[in-house]
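Below is one structure, written out as structure tokens, with a few remarks after it.
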């Protein structure tokens, strides 16, 4: 995206080449969550966390992506879409103070969180102070 000094919001489409039979849940993991292998979600704060016995409120999402040469993103739990940020232009993470990666909008779902049979949109919002925006990542989905 070119540099801008104005606030804007845009949707990044994620489409499935083979439509799924039904919609499902979606999860987004920032660069720091991917690097720290934090693929759980705290049921109270909704922050990424490491699924361990010492963190009883950390729910396993069924998502994983261990960065490396032969690693591939995975959605091990049926009915899950997992989106992973590998790199964001703003000093490591796109979730910097000027940018917010927002809700997954289920295609045809009018604001439902998750994904539809053909895909979803990842909403990116900026207040204009961020300048150039660049992000790289991967996603995986498993049909239910």
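The values are calculated or read from the model by the stated rules, or taken from the named source; none is laboratory data. It should be emphasised that the depicted structure is a prediction, and the values quoted were computed from it without experimental measurement. Methodologically, a virtual Cβ is constructed for each residue, glycine included, from the backbone with ideal geometry; neighbour enumeration extends over all protein chains shown.
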Condition test on residue 17, is it without any contact (Cβ under 8 Å) to a residue 24 or more places away in the chain and within 13 Å of residue 141 (Cβ to Cβ)? yes
Tally, over the stretch 40-53, of residues that are under 21 Å from residue 124 (Cα atoms) and surrounded by 13 or more Cβ atoms within 10 Å (Cβ to Cβ): 2
Restricting attention to the stretch 4-14, report how many residues are loosely packed, with under 12 Cβ neighbours inside 10 Å and under 15 Å from the mean Cα position of the chain (by Cα). 1
Of the residues in the stretch 107-117 that are assigned to a loop (DSSP other than H, G, I, E, B) and closer than 13 Å to residue 79 by Cα, the one that is modelled with the highest pLDDT is 117
Residue count, the stretch 19-39, condition farther than 27 Å from residue 68 by Cα and surrounded by fewer than 15 Cβ atoms within 10 Å (Cβ to Cβ), comes to 3
List the number of the failed condition for residue 85; all other conditions in (1) in a strand (DSSP E or B); (2) crowded, with 20+ Cβ neighbours inside 10 Å; (3) modelled with pLDDT of 85 or more hold. (3)
Do you know which residues across the stretch 2-16 are assigned to a loop (DSSP other than H, G, I, E, B) and at pLDDT 85 or above? 16
In the stretch 21-49, anything within 18 Å of residue 75 (Cβ to Cβ), assigned to a loop (DSSP other than H, G, I, E, B) and at pLDDT 85 or above is listed as 37, 38, 39
